[in-house]
Structures are given as C-alpha cells and as structure tokens.
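Novice: The structure follows.
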Amino acid sequence: MENYPPSTLPITAWAEDDRPREKLQNKGRQSLSDAELLAILLGSGSRNESAVALAQRILSSVGNNLNELGKRSLAELMKFKGIGEAKAITIAAALELGRRRQVSGVLDRPVITSSSDAYQAIGPILTDLPHEEFWMLLLNKGNKVIGREKMSTGGTDATIVDAKIVFRKAIEGLATAIIVCHNHPSGNLRPSQSDLDLTRKLKEAGDIIGLKVLDHLIVSDGGYYSFADEGVM
C-alpha cells in the first residue's frame with residue numbers, strides 16, 4: 001500500500017504531488033492507485049477521513065477487486081459513512097463506463113483459433129453479471145465471428161436454454177459453426193451435470209444438421225472453463 005498523509009488530514013493540506021487530482025495532471029493517470037482514482041470520483045471524504053482513506057476503506061471491503069466493487073448496489077455503497085446517494089451514483093456510473101469500454105473492445109469480428117480467442121470475444125460481456133446468461137458466438141467457414149446472440153437469461157445459479165432456438169438462430173445468422181457460452185456468477189467454473197448434458201445434446205444435434213458446435217465456455221471473474229480444452233465435447 002502506498003504511503004499517504006494521515007487519513008484525517010484533508011487532501012487540500014497534502015503536498016501537491018500527493019493530491020490525486022494534481023498527481024494525475026502532473027504524472028499521468030497511470031501513476032495513480034485505484035484508491036486515488038476512486039478518491040477523485042468521491043471528491044471529498046468526511047470531517048474525520050480523507051477521500052483517499054474512504055476510497056481505501058471501500059476497496060478493502062471488496063478485497064481491492066474492482067470487478068467486485070462493480071457488482072455493489074447503490075444501497076450497499078451507501079452503507080459506508082461518507083457515501084451518500086450522489087457519490088454512490090458516481091461510483092456506479094464510472095464502473096459501468098469501464099465495463100462498457102471493455103465490452104466495446106469485443107464487438108469487432110475476430111477469428112477464433114482457440115478457447116482463449118473465444119473467451120476474449122464473449123467473456124467481458126458476461127463476467128460482471130449477478131445472474132446467469134447464455135450466449136452464442138456465430139462463426140463463418142473461416143471461424144470469423146459474424147454475430148453474438150443472447151439466448152436466455154436466468155437466475156443466480158441457472159438458465160434454461162432451448163436447443164431448437166439455438167440452432168434456428170445459428171441458421172438464420174448463416175453460421176457454419178457456433179461456440180456457446182454462459183457465466184457462473186458464483187465464480188465456480190466446474191460444469192454442472194445439466195451443463196454437461198446440454199453440451200452433449202447441442203454437439204449431437206449440430207453433427208446431425210451439419211453445424212459444428214466447437215466449444216462451450218463457462219466464464220466467471222476468475223477466468224473460464226473450456227469443454228473442448230478439457231476433452232468433454
């Protein structure tokens with residue numbers, strides 16, 4: 001952890017190079033810690049705590065994990081002393097912008113040559129969600145992504161997928177192959193029996209109609225599980 005002036009000392013009393021705003025201006029945004037960036041969003045702390053100290057306290061509550069912070073509701077953020085509705089909204093808005101920036105980077109049409117490529121093409125859309133969603137990558141003959149389709153939305157631990165709709169969407173999208181993907185909000189990447197059964201069902205149906213099911217990914221904040229890599233397709 002970086003050394004800061006005492007937490008009760010207002011930031012305006014800090015040396016200029018230690019103040020988050022001035023540090024960003026003078027040294028660049030990359031020089032700031034997560035706590036300093038969050039402190040800029042907060043603008044101020046309280047009578048007994050600087051904005052940086054408040055930011056450190058908030059980050060500590062989520063294990064200094066920005067993905068976890070992005071999942072916190074306004075009500076949860078407002079439980080921190082010094083965080084009112086306006087500051088909670090500012091934090092939520094900034095983190096949502098960051099998530100959308102990450103997602104916007106996957107909306108091109110990459111060529112898929114590995115499970116890692118597939119994860120990069122679809123994973124950022126799913127990793128922060130508090131509920132399960134089932135998506136599909138549509139690929140052409142050259143394994144280039146030609147579309148992304150959300151097939152279903154579920155609860156915190158399950159989502160229901162209709163295989164007929166999956167293949168109808170794939171055929172309508174002129175795909176020659178697909179990769180299916182869903183998230184586990186719990187962070188557990190181990191496939192359930194229903195995940196295994198669905199994968200087998202999709203693979204067999206795809207073989208019959210001549211539409212390849214190349215992989216099934218389970219994604220979470222901790223990475224991904226590839227059915228193809230694990231040899232269970």
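Each value in this text was obtained by applying a stated rule to the coordinates, not by laboratory testing. None of these values were measured; they are calculated from a predicted model. All Cβ positions, glycine included, derive from the backbone under ideal geometry; neighbour counts span all protein chains shown.
Novice: Which FRET efficiency value, to the nearest 0.05, is calculated for Ile209 and Leu97 with the Förster distance at 35 angstrom and r the Cβ-Cβ distance?
Specialist: Taking R0 as 35 Å, the efficiency between Ile209 and Leu97 is 0.25.
Novice: Right, next: Diagonalise the Cα gyration tensor of region 51-117 and give the resulting equivalent ellipsoid semi-axes, square root of 5 times each eigenvalue, largest first, whole Å.
Specialist: 31, 13, 9
Novice: Another question, if that's okay. Counting DSSP beta bridges in the chain, what percent are antiparallel, to the nearest 5?
Specialist: Around 75 percent of the beta bridges assigned by DSSP in the chain are antiparallel ones.
Novice: List the residues, sorted by chain then number, that are 5 or more residues from Ser152 or on another chain and whose placed amide H is less than 5 Å from its amide H.
Specialist: Placed amide hydrogens put Phe134 under 5 Å from Ser152.
Novice: Going by how many other beta carbons lie within 10 Å of each one, how would you line up Thr153, Thr199, fewest first?
Specialist: Least crowded to most crowded, the residues run Thr153, Thr199.
Novice: Rounded to the nearest 0.05, what FRET efficiency do Ile165 and Lys81 give with R0 = 35 Å and r taken as the Cβ-Cβ distance? Could you check?
Specialist: After rounding, the FRET efficiency stands at 0.10.
Novice: Let me ask something else. Compute the Rg/Rh shape ratio of the chain: radius of gyration over Kirkwood radius, all on alpha-carbon atoms. Intermediate values should be presented prior to the final figure.
Specialist: Numbers: Rg = 22.1 Å, Rh = 20.0 Å.
Using only Cα positions, Rg/Rh for the chain is 1.10.
Novice: Give me Leu126, Leu69 ranked fewest to most by other Cβ atoms within 10 Å of their Cβ, as a rough exposure proxy. The partial results should precede the final answer.
Specialist: Working: Leu126 24, Leu69 20.
Ordered from fewest to most neighbouring Cβ atoms within 10 Å, Leu126, Leu69 come out as Leu69, Leu126.
Novice: Then there's this: Once every Cα of region 89-148 carries one equal point scatterer and solvent is ignored, give the base-10 log of I(q)/I(0) from the Debye formula at q = 0.23, 0.24 Å⁻¹, two decimals.
Specialist: The Cα Debye sum returns log10 ratios of -0.95, -1.00.
Novice: Rg(Cα) of region 141-197 divided by 2.2 N^0.38 Å?
Specialist: Working it through for region 141-197, the quotient is 1.27.
Novice: How big, on average over all directions, is the shadow cast by the Cα convex hull of region 108-226, in nm²?
Specialist: 6.3
Novice: In debye, nearest 20, what is the charge dipole magnitude of the chain about its Cα centre with +1 on Lys and Arg Cβ and -1 on Asp and Glu Cβ, if you could check?
Specialist: That gives a dipole near 480 debye.
Novice: Quick one: order Val219, Val232 by neighbouring beta-carbon count within 10 Å, fewest to most.
Specialist: Result, fewest neighbours first: Val232, Val219.
Novice: Could you tell me the relative contact order of the chain? Use alpha-carbon pairs under 8 Å, at least six residues apart, and round to a whole percent.
Specialist: 13
Novice: With springs connecting C-alpha atoms under 10 Å apart, model the chain as a Gaussian network and identify which of Ser186, Ser50, Ser31 has the largest mean-square fluctuation.
Specialist: Highest fluctuation among the options: Ser31.
Novice: Based on the Cα gyration tensor of region 26-78, what are the three equivalent ellipsoid semi-axes, each the root of five times an eigenvalue, rounded to whole Å and given largest first?
Specialist: Result for region 26-78: semi-axes of 19, 15, 9 Å.
Novice: A further question follows. Based on C-alpha coordinates, I'd like the Rg and Dmax of region 11-103, in Å.
Specialist: 13.0, 39
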